[in-house]
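**Q** One structure is given below, represented as structure tokens, and several questions about it will come after.
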Amino acid sequence: MNGLIEAERDIRKIILEEDGLSEDRIRDIIEEAVFRRFPDMTAEEYSAAFDHIYGRLRSRLGALHFLAENRDINEIMINGPDNVFIEKDGRIEKIETMFSSAAELEDVIRNIAAGVRREINELNPILDARLEDGSRVNAVHKNIAIEGPVLTIRKFSRNKMTMNRLISLGAVTEECSELLKLLVRSGYNIFISGGTSSGKTTFLNALSDFIPEDKRVIVIEDSTELQLTNVDNLVQMECHNANSMGKGLVSMDMLIKTSLRMRPDILIIGEVRGREVADMLQALNTGHCGMSTGHGNSVRGMLRRLEAMYLMAGQLPMDAVRAQIVEALDIMVHLVRTSDGRRRVIEVQEIVGFDGDEYRLNPLFVPGENLELIRTGNGIVKDMKLKLGGTNR
């Protein structure tokens with residue numbers, strides 16, 4: 001590590017002394033310096049050293065460049081400059097730190113923020129953003145994080161996950177996929193729940209492939225992640241935080257409200273976390289079809305969370321809130337992440353109504369003894385959309 005840092009300093013000095021260097025010339029300088037300083041390196045070690053130094057000098061991600069480029073790594077977690085972890089093949093492991101100081105880590109975080117026209121500092125200590133490839137970024141400033149700046153990068157898959165691929169991985173059964181395809185095409189409102197990193201966004205992305213090509217789709221996300229490739233009439237919008245002057249805030253509830261004036265056939269909300277739930281449910285209660293995701297431990301647990309988030313927007317009678325949820329949402333899909341890192345669907349339930357404090361659910365698929373997805377044999381109770389679509393199942 002020390003040798004690489006010294007090599008980087010030498011290369012940086014050479015680059016600064018020569019004006020107008022091309023990218024190819026910079027690569028040549030790095031190659032020559034690495035060969036000269038580390039003549040006994042293997043080809044693999046040399047490649048890693050080159051990537052390490054090139055990333056520090058030329059990439060917005062600095063020392064993280066080679067980790068971000070490694071397709072086997074799903075997540076990068078940095079708890080201060082001396083504690084770097086990665087998730088690979090569903091398992092978390094600690095790796096050798098690549099930061100010479102907290103200041104270097106801070107520079108990387110500021111570069112990421114600048115790249116998406118945001119800022120992170122003592123007045124704005126939390127950053128939620130995305131990289132150019134769609135990877136999700138969260139950072140916390142050192143005045144909040146005790147052990148130094150914290151940076152978390154959830155890598156964006158370069159290859160879109162399809163439903164067929166999810167079936168082959170055992171995340172969902174073909175039978176369940178066919179039913180969901182029918183429900184999407186019939187205009188049912190579908191909500192996907194699950195814990196952190198359970199694959200909610202990935203599943204929503206795959207589910208969007210079932211949207212008919214002639215529909216106008218409006219997508220609203222905190223940070224753009226969804227890849228809808230089968231829809232031509234598509235609008236994607238992203239929330240923006242306020243700047244240091246308190247100006248420029250564009251919240252999810254603001255985008256939901258304006259989307260209703262854009263003549264959507266289908267409204268997709270990337271993830272709901274708070275008071276925007278009220279606007280989403282009201283939109284779905286006024287003739288718009290839609291899909292969304294949220295954090296929850298089960299279908300019923302997610303419904304309780306939706307109640308709580310709705311109440312953040314205003315104090316309404318609980319019966320009124322539940323009535324809004326029942327009228328707006330048709331199908332709940334719940335995913336989990338197993339101990340071996342696999343993501344899979346374990347519940348698909350239809351929301352039928354509510355009696356007092358309890359929602360009446362019609363289970364369509366339930367988990368078996370080994371979490372395998374089992375069809376219950378129940379049909380769709382609220383089948384009007386199926387009938388209007390020419391199919392009754």
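The values are calculated or read from the model by the stated rules, or taken from the named source; none is laboratory data. All figures in this text were calculated on a predicted structure; none of them were measured in a lab. All Cβ positions, even for glycine, are placed from backbone atoms using ideal geometry, and neighbour counts span all protein chains on display. With ligands, DNA and RNA removed, areas are computed over all heavy atoms of the protein, side chains included. Shrake-Rupley method; radii C 1.70, N 1.55, O 1.52, S 1.80 Å.
**Q** At 1.4 Å probe size, with every protein chain present, just tell me what the per residue accessible area of the range 173-315 comes to in Å².
**A** Numbers: 5750 Å² over 143 residues.
Result: 40 Å² of accessible area for each residue.
**Q** Counting only residues 5 or more places away or on other chains, whose amide H sits under 5 Å from the amide H of residue 290 once H atoms are built in the peptide plane?
**A** So residue 290 has HN proximity to 189, 190, 267.
**Q** So how much accessible area does residue 289 have, in Å² to the nearest 10, using a 1.4 Å probe?
**A** 30 Å²
**Q** Could you compute the net charge surrounding residue 232? Neighbours are other residues with a C-beta less than 12 Å from the C-beta of residue 232; K and R count +1, D and E count -1.
**A** Working: positive: 215, 216; negative: 213, 214.
My count for the surroundings of residue 232 gives 0.
**Q** Using the 2.2 N^0.38 Å rule of thumb for compact globular proteins, work out how the chain stacks up: its C-alpha Rg over that value, please. Walk me through the numbers on the way to the answer.
**A** Details: Rg = 24.1 Å, N = 393, 2.2 N^0.38 = 21.3 Å.
The reported ratio for this selection is 1.13.
**Q** Could you state the accessible area per residue of the range 1-78 in Å², with a 1.4 Å probe and every protein chain left in place? It would help to have the intermediate numbers written out before the result.
**A** Numbers: 4550 Å² over 78 residues.
Here the residues of the range 1-78 average 58 Å² of exposed surface.
**Q** Here's something else I'd like to know. Using R₀ = 41 Å, calculate the FRET efficiency as 1/(1 + (r/R₀)^6) where r is the Cβ-Cβ separation of residue 17 and residue 143; round to 0.05. Please report the intermediate quantities before stating the final value.
**A** Working: r = 37 Å, r/R0 = 0.90.
For residue 17 and residue 143, the calculated efficiency is 0.65.
**Q** Sticking with this structure for a sec: Would you work out what percent of the accessible area of the chain, with all protein chains in place, is carbon or sulfur (probe 1.4 Å)? Please report the intermediate quantities before stating the final value.
**A** On the way: 9050 of 19170 Å².
Roughly 47 percent, rounded to a whole number.
**Q** Now, a different point. Taking the full set of protein chains and a 1.4 angstrom probe, give the accessible area of residue 155 in square angstrom, rounded to the nearest 10.
**A** Taking all protein chains as shown, residue 155 has close to 40 Å².
**Q** Evaluate the relative contact order of the chain (contact order divided by residue number), counting alpha-carbon pairs under 8 angstrom at least 6 apart; express in whole percent.
**A** Working: 685 pairs, mean separation 44.6, N = 393.
Normalised by residue count, the contact order of the chain is 11 percent.
**Q** Right, another one. Counting each DSSP H run of 4 or more residues in the chain as -39500 (n - 2.57), what helix-only mean residue ellipticity at 222 nm follows after dividing by all residues, to the nearest 500 deg cm²/dmol?
**A** Details: 13 runs with 139 residues, N = 393.
Rounded to the nearest 500, the figure is -10500 deg cm²/dmol.
**Q** How far, in nm, would the chain grow between residue 372 and residue 70 when pulled straight, counting 0.36 nm per residue and subtracting the alpha carbon separation? Please list the in-between numbers first.
**A** On the way: separation 302, 0.36 × 302 = 108.72 nm, distance 3.16 nm.
Full extension of this stretch gives 105.6 nm more.
**Q** Under 11 Å from the Cβ of residue 282, count the other residues' Cβ atoms, weight Lys and Arg +1, Asp and Glu -1, and hand me the total.
**A** Numbers: positive: 257; negative: 253, 276, 279, 327.
That sum, taken over residues with Cβ under 11 Å, equals -3.
**Q** Here is a follow-up. At a Förster radius of 35 Å, what calculated FRET efficiency corresponds to the Cβ-Cβ distance of residue 210 and residue 311, to the nearest 0.05?
**A** Working: r = 33 Å, r/R0 = 0.94.
Result of the calculation: an efficiency of 0.60.
**Q** Here's another thing I want to ask about it. With a 1.4 Å probe and all protein chains kept in place, how much accessible area does residue 213 have, in Å² rounded to the nearest 10?
**A** Taking all protein chains as shown, residue 213 has close to 140 Å².
**Q** Say we join alpha carbon atoms closer than 10 Å with springs in a Gaussian network model of the chain; which of 290, 115, 62 then has the biggest fluctuation?
**A** 115
**Q** On a C-alpha basis, how far is the centre of the range 244-264 from the centre of the range 340-361 in Å? Whole number, if you could?
**A** Between the Cα centre of the range 244-264 and that of the range 340-361, the gap is 30 Å.
**Q** Here is a further query. Cross-chain or 8 or more residues apart, Cα under 25 Å: how many lysine pairs in the chain fit that? Count them up, please.
**A** Value for the chain: 26.
**Q** Extension gain residue 197-residue 85, at 0.36 nm per residue separation less the Cα-Cα distance, in nm?
**A** Values: separation 112, 0.36 × 112 = 40.32 nm, distance 1.58 nm.
In short, 38.7 nm is gained.
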